[in-house]
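Visitor: Got a structure here, written out as structure tokens. Questions coming.
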Amino acid sequence: MSHDLIIRDVRVVRPGVEDVTHADIAVDGGRITAVAPDLGTDAARVEEGRGRLAFPGVVDAHQHWGIYNPLSEDTETESRACAQGGVTTSLTYMRSGQYYLNKGGAYADLFPEVLAASEGRSYVDYAFHLAPMQASHIDEIPSLVDDHGVTSFKIFMFYGSHGLHGRSNDQNDFLMIPEGERYDIAHFEFVMRGIQRVREQRPDIADRISLSLHCETAEIMTAYTRMVEQEGRLTGLEAYSASRPPHSEGLAVTIASYLAHETGLPTINLLHLSSAKALEAALLMAGTFPHVDFRREVTIGHLLADVATADGIGGKVNPPLRPREDVEALWRHVLAGDVSWVVSDHACCKEATKFGDDPADVFAAKSGFGGTEYLLAGLVGEGLKRGLPLSAVAALTSWNPARRFGLGSKGDLAPGFDADVVLVDPDTSWTVDPAGSESTQEYSPFRGLEIGATVDATFLRGERIWADGRVEGAPTGRYQHRPTA
């Protein structure tokens, strides 16, 4: 039987399968049709794997395209960075308000603009999470699910009295919500009730409709930011971490979890947990409310960098990079199986935008940085040093987020799945230089970091989109109307 593509001589890494086996991968019509030894060379194309590791394409479940740059621009350039890093599906967060589209109003008007701005420009498959920012958005959830295939939603808990980068005294202008409305705990409750209603009305897909929460507490952050600035003892990333202390995360996790219990919403994703206290609270809540199916997310940035090793205030992000003891705590939880998936939280913020008038003032800098191009290689390299099984890497970067977010054809190297394949050399390390990134961000908090593995090639539905150190072909990424089969 002739195939469209055979990728020969690879070591196949699958989620939930401890053994890494030598095999070939056959592809037809963009999907995997066979994984077995010695499939031969009867194919239109043959790729030589040369014994490299073959991972399922990464489902990077937390990115931000269009937050600092036009969405149409970010879709093209940052999806190139995805291909570079072995990411074949990007799930990117979108909301109304300042940044992104810089518009308020109904998603019935805004989301078609989002789809139009990204269509035909992405080198990888993509989907969007949406944030119900105002009361009327809750009423739109059914149509977002049914008409647009948006099955995941978000709450930014710290927007209660904080903007994206720090204190905010005019919440309504920042969020562009109607006069008289508040983006507060009561709104969060009503969002949860709205999502649960939709789940109950659609039992066949209910487990793939979920709510993600950015868990920080605005009041704690406001008070501690004032204290840190007044004391003047700390600077840089150390000051920023102290201004948004870990117990702020823990408290927000606790509030979110009780609201999930109160509203009966069981599909809760706790995003980018950055500290020992955040994970402690998340696990405590999971034990307290076992009927809530909590998923716990950690970013590659919080696993690879700390307040001392990151390259300057370019490492400002929410929640902050933490001291080394928190990094080590996160790794203990990853190794213990307490973390559901690892993401990049990629948000391209160019130098001219990132740094304020005083490039040494962390409080004046913008929040967020890119890193999707380092996600898989960084987790493989550091994970191997720490004893993380390769099958766990495949679960953390692909299978687990694909299952939660309704991407049925993604997440594994097995017949019937999309032929999203990444070839990784685990024995070749390299040092991060931002100039080598496909992202348009000119700096990186990972500058100078040694990455212990290399992504050699990336395939999207059987088409090679990254090889020999460069992006290949035209942008053929497709919008994923979820849940997908």
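Visitor: Which of the lysines could a cross-linker bridge to residue 354, judged by Cα under 20 Å and excluding same-chain residues fewer than eight apart?
Guide: Counting by Cα, and skipping residues close in sequence, residue 354 has these lysines nearby: 316, 366.
Visitor: How far apart, in nm, are two points set 7 Å out from the Cα along the Cα-to-Cβ line at residue 38 and at residue 1?
Guide: Result: 1.8 nm between the two label points.
Visitor: Ignoring ligands, DNA and RNA, please state the percent of accessible area on region 140-290 from carbon and sulfur, probe 1.4 Å.
Guide: On the way: 3050 of 5830 Å².
After summing per-atom areas, the C and S share lands at 52 percent.
Visitor: Tally up the carbon and sulfur contribution to the accessible surface of region 1-116 as a whole percent, 1.4 Å probe, everything protein left in place.
Guide: Carbon and sulfur together cover 46 percent of it.
Visitor: How many percent of the accessible area of region 366-485 is carbon or sulfur, using a 1.4 Å probe?
Guide: Roughly 49 percent of what the probe reaches on region 366-485 is carbon or sulfur.
Visitor: In square angstrom, what is the accessible area per residue of the chain with a 1.4 angstrom probe?
Guide: 35
Visitor: Between 0 and 90 degrees, rounded to the nearest ten: what's the tilt of helix 107-118 against the longest Cα principal axis of the chain?
Guide: With rounding to tens, the tilt is 40 degrees.
Visitor: In what sequence, highest mean first, do 301-310, 342-351, 473-482 appear when ranked by Cβ atoms within 10 angstrom? Working shown, then result.
Guide: Working: 301-310: 21.7, 342-351: 25.2, 473-482: 17.0.
The most tightly packed comes first, giving 342-351, 301-310, 473-482.
Visitor: So if R0 is 25 Å, what FRET efficiency would residue 50 and residue 474 give, r being the distance between their Cβ atoms, rounded to the nearest 0.05?
Guide: The calculated FRET efficiency here is 0.40.
Visitor: Something else: Can you tell me which aspartates and glutamates have their Cα less than 13 Å from the Cα of residue 154? Leave out same-chain residues fewer than eight positions away.
Guide: 189
Visitor: Let me ask something else. Place a point 7 Å from Cα of residue 429 in the direction of its Cβ. Which residues in region 301-339 have their backbone N less than 20 Å from it?
Guide: Inside the label zone: 301-311, 324, 327-328, 331-332.
Visitor: Measure nothing but the geometry: give the 0 to 90° angle between the long axis through the Cα atoms of 246-263 and the longest principal axis through the Cα atoms of the chain, rounded to 10°.
Guide: 80
Visitor: Calculate how steeply helix 375-386 sits against the longest principal axis of the alpha-carbon atoms of the chain, using the helix alpha-carbon long axis, and give the answer as 0 to 90 degrees to the nearest 10.
Guide: Result, in degrees: 80.
Visitor: Under a crude label model (7 Å from the Cα following the beta-carbon direction), how far is residue 9 from residue 336 in nanometres?
Guide: In this crude spin-label approximation the distance works out to 4.3 nm.
Visitor: Quick one: go through region 400-426 and flag any residue whose amide nitrogen is under 18 Å from the point 7 Å out along the Cα-to-Cβ line of residue 19.
Guide: Once the point is set 7 Å along Cα→Cβ of residue 19, 413-415 turn out to lie under 18 Å by backbone N, inside region 400-426.
Visitor: Which order do the peptides 406-419, 55-68, 191-204 come out in when sorted by mean C-beta neighbours inside 10 angstrom, highest first?
Guide: Packing proxy ranking, top to bottom: 55-68, 406-419, 191-204.
Visitor: How do the peptides 106-114, 322-330, 23-31 rank, highest first, by the average count of neighbouring beta carbon atoms within 10 Å per residue?
Guide: Values: 106-114: 16.6, 322-330: 18.3, 23-31: 20.6.
Peptide ranking by packing, descending: 23-31, 322-330, 106-114.
The values are calculated or read from the model by the stated rules, or taken from the named source; none is laboratory data. Everything numeric here is computed off the predicted structure, so don't read it as measured data. Note that we place each Cβ from the backbone using ideal geometry, even for glycine, and neighbour counts take in every protein chain shown. Just so you know, the surface numbers come from the protein's heavy atoms only, side chains and all, with ligands and any DNA or RNA stripped out. Shrake-Rupley method; radii C 1.70, N 1.55, O 1.52, S 1.80 Å.
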